[in-house]
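Read the structure below first, then the notes.
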Amino acid sequence: MKKVITYGSFDLFHFGHQRLLERAKALGDYLIVGVTSDDYDRVRGKINIAQSLAERIAAVKATGLADMVIVEEYDGQKVDDIKKYNIDVFTIGSDWEGKFDYLNNYCKVVYLERTKGVSSSEIRSEKRATKLGLAGNSCSFFKKIIGEGPFVNGLSIVGICPEKLQTSEPTTQELKELNLQVYKSYDTMLKNVDAVYIKTNYTSRYDYIKKALKAGKNVLCESPICLDVNKCKELFKLAKENHCVLMEAIRTAYSTAYKRLALLAEIGKVGDVLSIEATCTSMQRNDPSRLASLYEWGPNAILPIFQILGTKYKSKTFITRQSSKEIKGDAFTKINFVYEHATASATVAEGAKSEGDLVIAGTKAYIYVPAPWWKTEYFELRYENPAYNRRYFYQLDGEGIRYELVEFLQAIQDSKDVPRIDRNTTLAICQTMQDFKERKDLIEI
């Protein structure tokens, strides 16, 4: 019996996939098809996959061409599979020509001509075609957004509308370097885009979001999306009425490592969670306008607390130090939360420095994430007996921005809320910001 093996994501299964499997089947008597897992696709840089692994496997099986379907999960697995299944022929599309010549040491390698005019990337681009406008003054951050855009099928970043402020307004040169059309009017930009990414001043985000939603535009906004919980509820209601997506931009929530550590805590790997300590700091003394520690870092630091312990805490206390009499804003703030059976603290600072790590303590073990934990690719599950300790590594590309953009476009395409940050968490973050603004339960040091 002549055995043949091929691999692929097989996302949005199309005629090109069908033809490849047919020709692969013709090369032998028994065809094994490897479908790449979601995690392995991410490691390989394929972050635009639209369908789940189960859906993609089902599509391959439905052809009736595969005698066996396996899951590809790691680098080097092709060699393992060829040896394990006694493969005679490895075959793959001609767009990979030369890439797998090393497999000739184990079996015959055949590159099949790719079907012209059809690809999953093109289908995804057509389905997700979205023109994105940027609103705000953070040119350095927007450069990152622009840099990640090409990795996201269907996304076109077409313009920027700077916010008019007394300080921190971008220069003509900074805007020019973005290589985007500059709109002097936000209303005009909204007429020429399908969605907006908002990174304006905290106090003006509500107005920017509301105007975009009323114009029927989808919104991805930096957190906190506003400083008033009732206004936040109003915005979500408006988004629903106008069939728009309103998504909170906390990039940590979309990174693989963060999702995995939160899942380990959820399924009880550390036992009962008794304490969470999250710290986010940076030194911004050279930019006094940014000394607003809680608004800048708070959503990141609070996120694991609310997502793991929930939003129904018994009490919270702010301990804060203001910048100075001349500069408004908090240089340092610590929030202590007390739950029924747990406690948590979020420490944030723009005018102080500390170790930016995350510790989730439980009755069996604890999760340790080194600084900067909000950009982590690595964390540890630690037990009393070090022999049981586990280390986890997950690749993080583009600081998580590209993953966030992919989820945003997927939500627009599916016309549904994004589950990474549920509404209760977003509202609880807004409520925390509002309480701090109104100086509730606040101790100044």
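Only the coordinates and a few stated rules stand behind these numbers; no lab work does. All values reported here derive from a predicted model rather than from experimental measurement. Positions of Cβ are backbone-derived with ideal geometry, glycine not excepted, and every protein chain shown enters the neighbour counts.
Structure notes:
- A full extension of the chain between E266 and E234 corresponds to an added length of 8.4 nm, given 0.36 nm per residue minus the alpha carbon distance.
- Computed label-point distance, nm, for sites K211 and T171 using a 7 Å Cα→Cβ extension: 2.7 nm
- Rounded to the nearest Hz, the phi-derived 3J(HN,Hα) couplings of the stretch 214-221 under the Karplus curve 6.51 cos²θ - 1.76 cosθ + 1.60 (θ = phi - 60°) are 5, 7, x, 9, 6, 10, 10, 10, where x marks glycine and proline.
- Straight-distance candidates among the lysines for linking to K440, with alpha-carbon spacing under 18 Å and chain neighbours fewer than 8 residues away dropped: K312, K314, K316, K328, K334.
- Cβ-Cβ distance of H243 and S185, R₀ of 30 Å, FRET efficiency by 1/(1 + (r/R0)^6): the value works out to about 0.75.
- Distance between the 7 Å Cα→Cβ label points at Y383 and E22: 5.3 nm.
- Which label in (i) 22.8; (ii) 24.6; (iii) 34.5 gives the computed mean projected area of the Cα convex hull in nm²: (ii)
- From least to most packed, judged by other beta carbons within 10 angstrom and beginning with the fewest, E380, E438, E248 follow the order E438, E380, E248.
- Antiparallel beta bridges, as assigned by DSSP with both residues in the chain, represent about 40 percent of the total such bridges.
- For the stretch 129-251, the normalised intensity computed at q = 0.11, 0.20, 0.23 Å⁻¹ comes to -0.34, -1.15, -1.48 (log10 of I(q)/I(0), Debye sum over alpha carbons, equal scatterers, no solvent).
- Reach of K214 by Cα under 22 Å, taken over lysines that are not fewer than 8 positions away in the same chain: K131, K164, K184, K191, K199, K231, K233, K237, K240, K416
- For the chain, Cys with no neighbouring Cys Cβ under 4.7 Å: C107, C139, C161, C221, C226, C244, C280
- Gap separating the Cα centres of the stretch 358-423 and the stretch 32-108, nearest whole Å: 27 Å
- Value at 222 nm in deg cm²/dmol, rounded to 500, when DSSP H runs of n ≥ 4 in the chain each add -39,500 (n - 2.57): -10000 deg cm²/dmol
- Spatially proximal aspartates and glutamates relative to K84 (Cα-Cα < 20 Å; intrachain offsets below 8 disregarded): D29, D67, E72, E73, D75, D101
- Amide H contacts of I70: V33, G34, V35, each under 5 Å away and 5 or more positions distant or on a separate chain (H built 1.01 Å from N in the peptide plane; Pro and chain starts excluded).
- For F318, the shell of other residues with beta-carbons less than 14 Å away shows a net charge of +1, using +1 for Lys and Arg and -1 for Asp and Glu.
- Degrees between helix 423-437 axis and first principal axis of the chain (Cα, 0 to 90, nearest 10): 30 degrees
- Mean separation of Cα contacts under 8 Å (6+ apart) over length of the chain, as relative contact order %: 13 percent
- Net charge of Cβ neighbours under 10 Å - reference F337; Lys, Arg +1; Asp, Glu -1: +2
- The distance between label points at S94 and D414 comes to 3.6 nm (points 7 Å beyond Cα on the Cα→Cβ vector).
- Sorted by Cβ density within 10 Å, fewest first, the residues S282, S223: S282, S223
- If you take all other residues with their beta carbon under 13 Å from the beta carbon of Y383, and give Lys and Arg +1 and Asp and Glu -1, the sum is +3.
- Backbone phi angles across the stretch 237-243, fed through the Karplus curve with coefficients 6.51, -1.76 and 1.60 (θ = phi - 60°), yield HN-Hα couplings of 5, 5, 4, 5, 5, 9, 6 Hz in residue order; Gly and Pro are listed as x.
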